[in-house]
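The values are calculated or read from the model by the stated rules, or taken from the named source; none is laboratory data. Remember, it's a predicted structure, so these values are computed and weren't measured experimentally. Cβ coordinates were reconstructed from backbone atoms using ideal geometry, including for glycine residues, and neighbour counts include every protein chain displayed.
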Amino acid sequence: MSDPRANPMDRRTVLGAALAGSALAALGGPSCSATPSPAGESAATSTPAHSIIMAHELPPLPYSNDALAPHISANTIGFHYGKHHKAYVDNLNGLLKDAPDLAALSLDALIPKIAGDASKAGMFNNAAQVWNHTFYWKSMSPKGGGQPTGKLLDLIGSSFGGFDKFKDAFATAGKTQFGSGWAWLVLDGGKLTVEKTANADTPMARGKKCLLTMDVWEHAYYLDFQNRRPDYITTFLDKLVNWEFAAANLG
Ligand code: FE2
């Protein structure tokens, strides 16, 4: 059984659509039996009259729209989750209608597979933004802030030289990301590191284990903080960061 925290976008719905035989094989399971093949003709060589693709769903927020107020308002969450995150899901599903082999994949499989492929840049951007946002909502909590404990605190200490040095590194990553992007706490080779990525890019595309993320696109903070990105970052670290989620990801 996969860990749902590591696979934040496994929620799928089944839609009727044409699907190539190769994708049917990738899907597997009882749902494939819904597509009949003419007698004496294998599924790999036939063109099904109708079939299925898996559509990604907007996962539910782990809290209500106003749960992070007064730090992040219900208005911000309403637009950020209800408009921006949803649009990435809708865009991705639209792009996958023409790529049934890729539509059969989970986000965790799809994103690394198409990363760096210029012909799939639009699909990558939308898929990664779906994954990143789902991970971001879980990286915050109405009871967030403070410090981690135990194994995670020890690893932060050995990796950064202390919790305050981690906070400085994470805040600097967020402040210095030019334009839109993300700041990350990542486990890489047994050591924790801070990374910043531009636009939709995500460390998981390169096989790294993400523990936390902070969205520094303007849509994440502009309604509440206007141009004061540093104040949003301080608020994220002092009031919102979900150390229980990070510790669970560390395992
Ligand atoms: Fe965002």
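Just to be sure, is G82 away from the ligand (no atom under 16 Å from the Cβ), modelled with pLDDT of 95 or more, of a type outside the set (S, T, N, Q) and outside the structural domain of K165 (by TED's automatic domain parsing)? Considered against the rule, which asks whether it is away from the ligand (no atom under 16 Å from the Cβ), modelled with pLDDT of 95 or more, of a type outside the set (S, T, N, Q) and outside the structural domain of K165 (by TED's automatic domain parsing), G82 comes out as no. Listed here are the strands (runs of 3 or more DSSP E) enclosed by the stretch 136-251 that have at least 2 residues being outside the structural domain of F124 (by TED's automatic domain parsing), without any contact (Cβ under 8 Å) to a residue 24 or more places away in the chain and within 20 Å of H80 (Cα to Cα): 191-198.
Among residues of the stretch 70-79 being touching a helix residue (DSSP H, G or I) at 6+ places or on another chain (Cβ under 7 Å) and β-branched (V, I, T), the one that is farthest from the ligand (Cβ to nearest atom) is I72.
The set of residues in the stretch 70-92 that are surrounded by fewer than 20 Cβ atoms within 10 Å (Cβ to Cβ) and assigned to a helix (DSSP H, G or I) comprises A74, N75, G78, F79, Y81, G82, K83, H84, K86, A87, D90, N91. Of all the criteria given as (1) farther than 13 Å from W182 by Cβ; (2) surrounded by 23 or more Cβ atoms within 10 Å (Cβ to Cβ), the one not satisfied by A121 is (2).
Kindly indicate whether any position in the stretch 103-119 is more than 16 Å from the ligand (Cβ to nearest atom), at pLDDT 95 or above and on the phi > 0 side of the Ramachandran plot. Yes, because at least one residue in the stretch 103-119 is more than 16 Å from the ligand (Cβ to nearest atom), at pLDDT 95 or above and on the phi > 0 side of the Ramachandran plot. Within the stretch 197-206, is there a residue that is over 20 Å from the mean Cα position of the chain (by Cα), among the acidic types (D, E) and buried (at least 17 other Cβ atoms within 10 Å of the Cβ)? Checking the stretch 197-206: not a single residue is over 20 Å from the mean Cα position of the chain (by Cα), among the acidic types (D, E) and buried (at least 17 other Cβ atoms within 10 Å of the Cβ).
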